[in-house]
1. Which of the numbered conditions does residue 2 fail, given that it passes all the others? Conditions: (1) part of a strand (DSSP E or B); (2) closer than 24 Å to residue 224 by Cβ; (3) over 18 Å from the mean Cα position of the chain (by Cα).
2. Determine whether residue 66 is modelled with pLDDT of 95 or more, of a type outside the set (S, T, N, Q) and either farther than 23 Å from residue 174 by Cα or in a helix (DSSP H, G or I) (or both).
3. Just checking, does segment 135-156 include any residue being closer than 18 Å to residue 84 by Cα, buried (at least 23 other Cβ atoms within 10 Å of the Cβ) and small (Gly, Ala, Ser)?
4. Hey, can you tell me all the residues within segment 54-71 that are within 22 Å of residue 97 (Cβ to Cβ) and touching a residue at least 60 places away in the same chain (Cβ under 8 Å)?
5. Where the second residue is charged (D, E, K, R) and part of a helix (DSSP H, G or I) and the first is in contact (Cβ under 8 Å) with a residue 40 or more places away in the chain and lies in segment 150-166, which pairs have Cβ atoms under 7 Å and are six or more apart or on separate chains?
6. Considering only segment 82-93, I want to know if a residue exists there that is part of a helix (DSSP H, G or I) and either under 22 Å from residue 40 (Cα atoms) or in contact with an Asp or Glu (Cβ under 6 Å, 6 or more places away or on another chain) (or both).
7. Of these, 205, 180, which one is within 20 Å of residue 102 (Cβ to Cβ), crowded, with 17+ Cβ neighbours inside 10 Å and either without any contact (Cβ under 8 Å) to a residue 24 or more places away in the chain or of a type outside the set (Val, Ile, Thr) (or both)?
8. For segment 1-36, what are the residues that are more than 19 Å from residue 236 (Cα to Cα) and of a type in the set (Ser, Thr, Tyr)?
Amino acid sequence: MLKKRLIFTLLIQNGSYMLSRNFKLQSVGDVNWLRKSYQFESLAFAIDELVVLNVTRGEKNMGHFAEELMDLVKSCFMPVAAGGGISSIEDAYLLFNAGADKVVINTALYHDPKVVKAIIQTFGAQAVVAAIDYKLVDGINHVFTCNGSMDTGLTVTEAVAVAERIGVGEIYLTSIERDGTGQGYDLKMVKEVAEKTRLPVIASGGVGKPEHLLQGIALGGVQAVATANLFNFIGNGLAEARAYMLEQGTNMAIWDIGWRPE
């Protein structure tokens with residue numbers, strides 16, 4: 001049985017790391033603040049994967065983002081997924097060359113699926129993650145692109161079907177309405193997607209405490225849980241969250257590294 005994963009997500013805009021609530025952003029610090037606050041080099045012993053998303057509004061400079069990514073992960077020893085604004089296979093090459101093991105794709109899934117298929121053909125399905133962001137519109141969950149600003153008109157189920165047809169490796173599912181609220185995942189939607197798709201699902205959006213991570217990972221079909229909450233998990237918070245999940249019987253990798261709380 002595959003081990004479950006704990007993922008930490010970082011949002012970056014022009015060199016600043018951002019706090020997000022309902023996809024509205026607030027700057028909290030640069031890479032030096034991040035390394036100081038999270039003892040960054042030791043994060044590999046607390047999480048299974050790092051996701052870094054370029055959330056710059058408007059036109060994105062992929063070369064600049066690749067440089068920021070390279071600086072961030074140069075001393076990381078964990079798998080890294082990166083995305084935000086990927087619109088060509090050249091963009092994907094930039095991020096892979098900067099240290100990414102996977103790319104996270106959102107807008108191109110619906111507006112230029114040929115690019116996504118080309119990336120899959122070149123790097124493999126396991127290297128491509130479909131980010132599906134959604135919120136309620138007239139009582140129906142619609143999927144949004146462009147940092148949550150553009151309604152695709154697709155339901156979550158329809159968007160998942162698109163991702164499956166294209167051939168991505170997994171789904172990163174985020175509730176825009178839960179994002180940054182600390183109220184926990186949209187468990188109903190996460191469960192619905194996980195039960196309907198053959199793809200591994202990463203639950204995202206709403207984590208405020210370790211119990212929320214446990215609730216998400218306990219759902220069948222959910223292979224990973226993600227948090228982008230910079231303040232609730234500052235310091236040793238991620239290590240403590242992992243220890244809590246292990247103590248509750250979650251099937252996760254165990255490392256003898258001495259960070260377990262007494």
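The values are calculated or read from the model by the stated rules, or taken from the named source; none is laboratory data. Note that this is a predicted model, so its numbers are computed, not measured. A quick note on method: Cβ atoms are made from the backbone with ideal geometry, for glycine too, and the neighbour counts reach across all protein chains shown.
1. (1)
2. Yes; evaluated as a whole, the condition is true for this residue.
3. no
4. Scanning segment 54-71 gives a single hit, 55.
5. 166/117
6. no
7. Going through 205, 180 in turn, the sole match is 205.
8. Matches in segment 1-36: 16, 20, 27.
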